[in-house]
């Protein structure tokens, strides 16, 4: 197929063809490249979901999200109390050091998951034994319940929730018996 | 080695991924499910100490070799294998490039049919894979789930109610599930529609990769279609997403193949297929890329019933044995690239001559 140059920038080859029809006869036509078409709002931006998540893109993302805290200095930002992984370690490796890192870097993890998976919450199956012995408490849920208990002046429950939070915060959430 | 004395043993094992049978096996080479899991109480790979890595390895081995385990697996200690042997396992898709190359204590447990492989101390502690020849997303997933359940009964996996199964890289978190179907799409490539086809699939958040996964080129017109998203969708959703996309690609490929064999296109297509067969039967120097491309064209020819004296099994044997590590294992020595190109030509000629 013959490639037509973009009628707007005259540089890229056109991939979007806009035909203006008046009384079903051709009134005006425009041939645009993807970038110009996106710029003029003729087509929605392809950037968001069509690009496969390659390692480089992931690194970029991690770079942006940890950038504020790390500011390029090694060791700045949160450090995982369980495995010692710092924000800068995570940024350079793109890998977490342990299960607890998901809590440690929670503030950065959520937007990252949103970008990568378009979701922040698991919808799949649970380990069978976890269902049998009751679901484990997540820090987030415990904190929410603690706040609610304090607001309701239910101090007995608040104290017990506080203790469970403390134990959980001292070790990776997944090693709880 | 003289040129005619290479004989493929009659009981030569191709492995499940190249068995060449099952639903839509003319287009769908193999269906694969991979599940990524980490064990509670151990650091993930970047922080795991070698002694902990060994301890973990033994714990997983004990689970895998228990008599009640649903799969019969043989554990292979990868630190005991040389580079060529590890390359052979990689070319058979039983281990990843990362596992082949790393220097951690690591292993793979494989069954005899090569339809199950459990990698230990990969990027995640456990990466269990199930293969099924042809297009079989539901069966393959069901078997992987059984395998996962059996493992979970023995070793506790890192899991959070909120994020699901916790993986070293957040791109795998949630289900930890990667379902992929390897498709052979020469029609779409020849008709210049492959970019359009892969873009369609990517638009629904699926990934399209080459023969050996991430970052590899689409050699021999092989494309792996897999889910990209692992969080926020259930296993069932993921199976359905991949199934729908693969069905669409397959019917597109079938339409294009028909068009390539009609009217003015027919002569060009026949010429391309027969030239490829000519090269495979006659060439004395064959690069890996040329071999894969010619094998692709001939595979198309065989399925379109244009070529009738070549068996798909022989094409699969030639495909597997012409990979660098297999080639070097056949000859029991390391070979330079130019030596490999000569040996590859000899090998392919003799495989295609054995009728």
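In the range B:259-349, Cα pairs under 8 Å separated by at least six residues give a relative contact order of 34 percent.
Tell me whether the range B:4-52 comes out rounded, prolate or oblate; compute the Cα gyration tensor, take square roots of the eigenvalues as a ≥ b ≥ c, and use a/c under 1.5 as the rounded threshold. The shape class here is oblate. The alpha carbon convex hull volume per residue for the range B:24-91 rounds to 162 Å³.
For chain B, the relative contact order is 19 percent, taking Cα pairs closer than 8 Å that sit 6 or more residues apart in sequence and dividing their mean separation by the residue count. Working note: 222 nm ellipticity from helices only, DSSP H runs with n ≥ 4, each -39,500 (n - 2.57), summed and divided by the residues of chain B, gives -14000 deg cm²/dmol to the nearest 500. Round to the nearest 10 and give me the degree value, 0 to 90, for the angle of helix B:194-203's Cα axis relative to the longest principal axis of chain B. That helix lies at roughly 20 degrees to the long axis. Put in line by how crowded their Cβ is, counting other Cβ atoms within 10 Å and starting with the fewest, B:69, B:12 read B:12, B:69. The long axis of helix B:312-321 is offset from the longest Cα principal axis of chain B by roughly 60 degrees. The range B:93-124 and the range B:137-156 have Cα centres spaced 17 Å apart.
Short-range pairs are left out: with C-alpha atoms under 8 Å and at least six residues apart, the relative contact order of the range B:54-172 is 22 percent.
Dividing the Cα radius of gyration of the range B:174-306 by its Kirkwood radius returns 1.04 for Rg/Rh. Run the Debye formula on the Cα coordinates of chain B, all scatterers equal and no solvent, and tell me log10 I(q)/I(0) at q = 0.10, 0.12 1/Å. Rounded to two decimals, the profile gives -0.64, -0.90. Between the helical axis of B:263-282 and the longest alpha-carbon principal axis of chain B there is an angle of about 80 degrees. Peptide packing for B:78-85, B:245-252, B:39-46 was compared via the average number of neighbouring C-beta atoms within 10 Å per residue; ordered from the highest value, the list is B:39-46, B:245-252, B:78-85.
Since every read-out is calculated from the coordinates, none of them should be taken as a lab result. Keep in mind that what you see is a predicted model, and the values were worked out from it rather than measured. All Cβ positions, glycine included, derive from the backbone under ideal geometry; neighbour counts span all protein chains shown.
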